[in-house]
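The values are calculated or read from the model by the stated rules, or taken from the named source; none is laboratory data. Source: prediction; values computed, not measured. Cβ placement follows ideal geometry from the backbone for every residue including glycine, while neighbour counts extend to all protein chains displayed.
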Amino acid sequence: MEFDSVHNYYDRLVFNEIAENYTERDLNSEQLADMACIALNHLPARYIRYDIDMSFYMSGQEHMETEERVRRAVHSAYLRIKKLDHLNEE
């Protein structure tokens with residue numbers, strides 16, 4: 001059986017959001033990876049084989065809602081990582 005193509009639709013979206021908006025902040029690679037895990041745990045699991053399958057069946061409104069959901073989840077994860085980092089400094 002071929003399972004290599006199976007993945008969570010939100011993985012790429014979260015990774016891209018972090019890469020585009022958070023890599024220039026004062027976080028190391030471990031914190032960025034933790035941030036991705038936290039964000040993904042706050043999003044629904046949508047396992048698919050091909051991203052185009054998900055995109056094809058979503059309306060424009062659903063795309064916008066998904067992007068906003070990802071932005072909020074990643075930002076919330078960022079705030080949590082920063083809070084943990086601050087607590088570790090004390």
Are any residues in the stretch 58-90 more than 21 Å from Tyr9 (Cβ to Cβ) and loosely packed, with under 14 Cβ neighbours inside 10 Å, and if so, which ones?
-> Leu79, Lys83, Leu84, Asp85, His86, Leu87, Asn88, Glu89, Glu90
Within the stretch 16-31, considering residues that are at pLDDT 95 or above and hydrophobic (A, V, I, L, M, F, W, C), the one nearest to the chain's Cα centre (by Cα) = Ile18
Only residues that are surrounded by 13 or more Cβ atoms within 10 Å (Cβ to Cβ), over 13 Å from the mean Cα position of the chain (by Cα) and in contact (Cβ under 8 Å) with a residue 12 or more places away in the chain: list them for the stretch 32-57, please.
-> Ile48, Arg49, Asp51, Met54
Report yes if some residue within the stretch 69-83 is at pLDDT 90 or above, of a type in the set (Phe, Trp, Tyr) and in a helix (DSSP H, G or I); otherwise report no.
-> yes
Residue check, Asn8 against (1) at pLDDT below 95; (2) exposed (fewer than 15 other Cβ atoms within 10 Å of the Cβ); (3) of a type in the set (S, T, N, Q); (4) closer than 21 Å to Thr66 by Cα, all met but one. Which one?
-> (2)
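Answer yes or no: is there a residue in the stretch 34-49 that is polar (S, T, N, Q), part of a helix (DSSP H, G or I) and at pLDDT 90 or above.
Yes: one or more hits.
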